[in-house]
1. What are the lysines whose alpha-carbon lies under 16 Å from the alpha-carbon of residue 172, with same-chain residues fewer than 8 places away excluded?
2. So for the range 66-209, Kirkwood radius off the Cα pairs, Stokes-Einstein at 20 °C and 1.002 mPa s: how many µm² s⁻¹?
3. Net charge around residue 90, counting only other residues with Cβ within less than 12 Å of its Cβ (Lys, Arg = +1; Asp, Glu = -1)?
4. Hey, if you put +1 on the Cβ of every Lys and Arg and -1 on every Asp and Glu Cβ in the chain, which of 295, 77, 166 ends up farthest toward the positive end of that dipole?
5. Once you have the Cα-Cα distance between residue 315 and residue 332, take 0.36 nm times their residue separation minus that, and quote the gain in nm to one decimal.
6. If the chain between residue 301 and residue 214 were fully stretched, how many nm would it gain, using 0.36 nm times the residue separation less the Cα-Cα distance?
7. Can you give the extra length, in nm with one decimal, that the chain gains between residue 169 and residue 4 once fully stretched, where that is 0.36 nm per residue apart less the Cα-Cα distance?
8. Given a 1.4 Å probe and every protein chain left where it sits, what share in percent of the accessible area of the chain is carbon and sulfur?
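The values are calculated or read from the model by the stated rules, or taken from the named source; none is laboratory data. As the structure is a prediction and not an experimental result, all values here were calculated from the model. Glycine also receives a Cβ, built like all others from the backbone with ideal geometry; neighbour counts cover every protein chain displayed. These accessible areas exclude ligands, DNA and RNA; they are computed on the full protein's heavy atoms, side chains included. Shrake-Rupley method; radii C 1.70, N 1.55, O 1.52, S 1.80 Å.
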Amino acid sequence: MTSMVQLALEEVRTLADRVLTGAGYSGDHARAISEMLYACQLDDCQSHGLFRLFMCRETMQAGKIDGHVLPELQPSQNAVVRVDAKGAMSLLAVETAMPVLIEKARRFGMAAMAVNNCYHFSALWPEVEQLSAAGLAGLSMVPSHAWVAPAGGTRGTLGTNPLAFSWPRRGKSPFTFDFATSAFARGEIELYLRAGKPLPDGVAVDADGKPTNDPQEALSGAMLTFGGYKGSALSIMIELLAGPLIDDLTSKESLRFADGKGGAPYHGQILLAFDPAHLSCGRVEANDSRAERLFADILDQGARLPSQRRFEARKRNLARGYVEIPATLHRDLHALQD
Ligand code: NDP
Ligand code: PYC
């Protein structure tokens, strides 16, 4: 069993901020990144919490990211808000454009945010949950690096390509899901490697295209999509919507751009926002009630809604004032500050 250590909540942000500014990120970028890592750690999302500080640091060491440049919002009269991250991490760019996306969705009924030229390492749920907190339904997608084989293939062509959705619920936590379209996120395989645990079947093939349970072989071979050809098709859709559609890179192009130097993938991100006030034919309350009946029918059967584990973890961690992280991660993060 992985041995865990307790980290006080305020220490999560402080630790993240110290590592990030020490690595060369400006105060603005370090704050935006630390907020994301804090949100993930608070909800016990280990693969995209403090563990991601290694990727943020490697990205800086790879020598191409600009840790100081500010995002540039491009003015528009239509339902598209475009923000150029200018070669920095995505998070400050999304934060800058989010109020405009919300305003445009309320004005037009639906709106899209296209983020260009960003490094991306993070979970997507905190961003779609900002949309549901504003009463909108939100979707987000990003490519990554071409680590994942398409269904029927044996070599990396697709990214781990996460898809996140959030639906607002009055007086309740939103309905949110956020998952990689690969069977496992890359970060999850890396955590298995750190913990010395074998992978379950169906996650990856080795460099010769043979099924493997070895995390190291999985990282140097090819990952598989979830749900066979169905996950593969969704992953291709994400390549298209968050790549060529918004004039940005695919996972294959992102991997080529990295030139073997490591760090976070470099590409674009798309966020879509839908306003029920425009789309529900003036019957928002009645349609909200119908959505609630759908959720009730799921819960009545003993099934759980996605994100329920996260919301419970958040409540527990806020009440006790600390989070738990693997002891080895704690040790390695402290070594980064020495
Ligand atoms: P998980 O498999 O951990 O979870 C996927 C979703 O399914 C979550 O919303 C989860 O809710 C829900 N879920 C899990 N079990 C059940 C269940 N039994 N019933 C109902 N719902 C369930 O996600 P991944 O490992 O695929 O992804 C983890 C994170 O990695 C995501 O946040 C994603 O954005 C990020 N990522 C980022 C990438 C990038 O390029 N930036 C690339 C790939 C992934 P709950 O959390 O409550 O368990
Ligand atoms: O876990 O697959 C992943 C991932 C890629 C980029 C950031 N996270």
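1. Correct list for residue 172: 315.
2. Details: Rh = 17.0 Å.
The Stokes-Einstein estimate is 126 µm²/s.
3. For residues surrounding residue 90, the net value is -3.
4. Of the candidates, 295 comes out farthest on the positive side.
5. Values: separation 17, 0.36 × 17 = 6.12 nm, distance 2.74 nm.
Length gained, residue 315 through residue 332: 3.4 nm.
6. Numbers: separation 87, 0.36 × 87 = 31.32 nm, distance 3.62 nm.
Once the chain is fully extended between residue 301 and residue 214, it gains 27.7 nm.
7. On the way: separation 165, 0.36 × 165 = 59.40 nm, distance 3.41 nm.
Gain on extension, residue 169 to residue 4, equals 56.0 nm.
8. Values: 8400 of 15240 Å².
Summing carbon and sulfur atoms, their accessible area is 55 percent of the total for the chain.
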